[in-house]
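The values are calculated or read from the model by the stated rules, or taken from the named source; none is laboratory data. Note that the structure is predicted; figures quoted are calculated from it, not measured. Counting neighbours? That spans all protein chains shown, and the Cβs are built from the backbone with ideal geometry, glycine included.
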Amino acid sequence: MNGRLYDLLGRFEERSEIGRRRRSLVARLEGDVLEIGAGTGFSLKHYLKASRVVAVEPDRSMAARIPGKIAGAPAPVEVVDAEAESLPFPNESFDAAVSVFVLCSVTDQAQALAEIHRVLRPCGTLNLLEHVRGHGRVAAWQDRLNPLQRRFFGNCHLNRDTKAAVARAGFDVGEVEETRIPGSYALVRDGIYGRATRISS
Ligand SMILES: C[S@@+](CC[C@H](N)C(=O)[O-])C[C@H]1O[C@@H](n2cnc3c(N)ncnc32)[C@H](O)[C@@H]1O
């Protein structure tokens, strides 16, 4: 992905409802926080209570933009070049994890969720804002257009049932609500938002 372009377009989006959702998702997180696929670092300024944020981002063009955002971040930030499917951290080393528009793009979603589960402490939370598979005709079009979307938008899948996958990975999804992604078009309008809690080992 082109980090400069992502940053430029995202800056406008962040002033809208997306930015407000992002802030309310992460501002209350405390302790050691892991953000997977941190992109260019749009979440960093919102970690008001975290004692430490580890921002994992495998795309160099995206990660290169993160240092510019660290100065405005209230918590200390460490940037790590890694993929969510293979996190270079010990078991049970984080209090919370964050994924904003990332679980649509990871290569192996089940493996990424297993890794997030592994590195979270008991009762740790996975905080999500993701676009997901819709219903009826929307889902049919998502299936049809998925190959094109993946090809042109960094492996982003239109049709993943991410809430079900999070539940299968050993999380309580009672506080993950189905929502509409603000300002989006039909194929990426269905979303999930909220907190999943690690429940099993
Ligand atoms: C749409 S961007 C979202 C970036 C950021 N989370 C945000 O909200 O602005 C998707 C991000 O997921 C990252 N990504 C893709 N596959 C990944 C993987 N396997 N592990 C971790 N991050 C991944 C991409 O490099 C990209 O930065």
- Message: Could you check the range 35-92 and list, in sequence order, the residues that are under 16 Å from the mean Cα position of the chain (by Cα), small (Gly, Ala, Ser), more than 8 Å from the ligand (Cβ to nearest atom) and surrounded by fewer than 20 Cβ atoms within 10 Å (Cβ to Cβ)?
- Response: 86
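Going by the structure shown, is residue 104 surrounded by 23 or more Cβ atoms within 10 Å (Cβ to Cβ), in contact (Cβ under 8 Å) with a residue 40 or more places away in the chain and within 11 Å of the ligand (Cβ to nearest atom)? Walk me through it before giving the result.
Values: surrounded by 23 or more Cβ atoms within 10 Å (Cβ to Cβ): yes; in contact (Cβ under 8 Å) with a residue 40 or more places away in the chain: yes; within 11 Å of the ligand (Cβ to nearest atom): yes.
Spelling it out, residue 104 is indeed surrounded by 23 or more Cβ atoms within 10 Å (Cβ to Cβ), in contact (Cβ under 8 Å) with a residue 40 or more places away in the chain and within 11 Å of the ligand (Cβ to nearest atom).
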- Task: Go through (1) part of a helix (DSSP H, G or I); (2) touching a residue at least 40 places away in the same chain (Cβ under 8 Å) and name the single condition residue 137 misses.
- Result: (2)
- If residue 55 satisfies every condition in (1) among the hydrophobic types (A, V, I, L, M, F, W, C); (2) modelled with pLDDT of 95 or more; (3) more than 26 Å from residue 191 (Cα to Cα) but one, which is the exception? (3)
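Based on this model, can you work out whether residue 7 counts as out of contact with any Asp or Glu (no Cβ under 9 Å at 6 or more places or on another chain) and either within 14 Å of the ligand (Cβ to nearest atom) or at pLDDT below 95 (or both)? Quick ask: steps written out before the conclusion?
Values: out of contact with any Asp or Glu (no Cβ under 9 Å at 6 or more places or on another chain): yes; either within 14 Å of the ligand (Cβ to nearest atom) or at pLDDT below 95 (or both): yes.
So residue 7 fits the description; yes.
Looking at the range 107-116, which of its residues are surrounded by 14 or more Cβ atoms within 10 Å (Cβ to Cβ) and either among the polar types (S, T, N, Q) or farther than 27 Å from residue 146 by Cα (or both)?
From the range 107-116, those surrounded by 14 or more Cβ atoms within 10 Å (Cβ to Cβ) are 109, 111-116; that's our starting set.
Passing the criteria: 109, 111.
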- Does residue 95 fit the bill of being in contact with an Asp or Glu (Cβ under 9 Å, 6 or more places away or on another chain) and surrounded by fewer than 15 Cβ atoms within 10 Å (Cβ to Cβ)? no
- Message: Every residue in the range 8-34 that is more than 18 Å from residue 129 (Cα to Cα) and either buried (at least 19 other Cβ atoms within 10 Å of the Cβ) or in contact with a Phe, Trp or Tyr (Cβ under 8 Å, 6 or more places away or on another chain) (or both), please.
- Response: 31, 32
- Task: Could you tell me whether any residue of the range 128-146 is under 16 Å from the mean Cα position of the chain (by Cα), of a type outside the set (Gly, Ala, Ser), within 17 Å of residue 53 (Cα to Cα) and more than 16 Å from the ligand (Cβ to nearest atom)?
- Result: no
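I'm checking my understanding of the structure. Among residues of the range 165-201 that are of a type in the set (Phe, Trp, Tyr) and touching a residue at least 12 places away in the same chain (Cβ under 8 Å), which one is surrounded by the most Cβ atoms within 10 Å (Cβ to Cβ)?
Narrowing the range 165-201 to residues of a type in the set (Phe, Trp, Tyr): 171, 185, 193.
From what is left, the residues that are touching a residue at least 12 places away in the same chain (Cβ under 8 Å) are 171, 193.
Details: 171: 25, 193: 19.
Checked the range 165-201; the qualifying residue surrounded by the most Cβ atoms within 10 Å (Cβ to Cβ) is 171.
Can you tell me which residue among 72, 39 is touching an Asp or Glu at 6+ places or on another chain (Cβ under 7 Å) and in a loop (DSSP other than H, G, I, E, B)? First the steps, then the outcome.
Values: 72 fails: touching an Asp or Glu at 6+ places or on another chain (Cβ under 7 Å).
39 is the lone residue from the list that is touching an Asp or Glu at 6+ places or on another chain (Cβ under 7 Å) and in a loop (DSSP other than H, G, I, E, B).
Among the residues that make up the range 147-163, is at least one of them of a type in the set (Phe, Trp, Tyr), within 14 Å of residue 101 (Cβ to Cβ) and within 16 Å of the ligand (Cβ to nearest atom)? Spell out the reasoning first.
Pass one, the range 147-163, residues of a type in the set (Phe, Trp, Tyr): 152-153.
Filter once more, keeping what is within 14 Å of residue 101 (Cβ to Cβ): 153.
Now restrict to residues that are within 16 Å of the ligand (Cβ to nearest atom): 153.
Yes, the range 147-163 contains a residue that is of a type in the set (Phe, Trp, Tyr), within 14 Å of residue 101 (Cβ to Cβ) and within 16 Å of the ligand (Cβ to nearest atom).
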- Which of the residues belonging to the range 147-162 are within 17 Å of the chain's Cα centre (by Cα) and closer than 19 Å to residue 180 by Cβ? 156, 157, 158, 159, 160, 161, 162
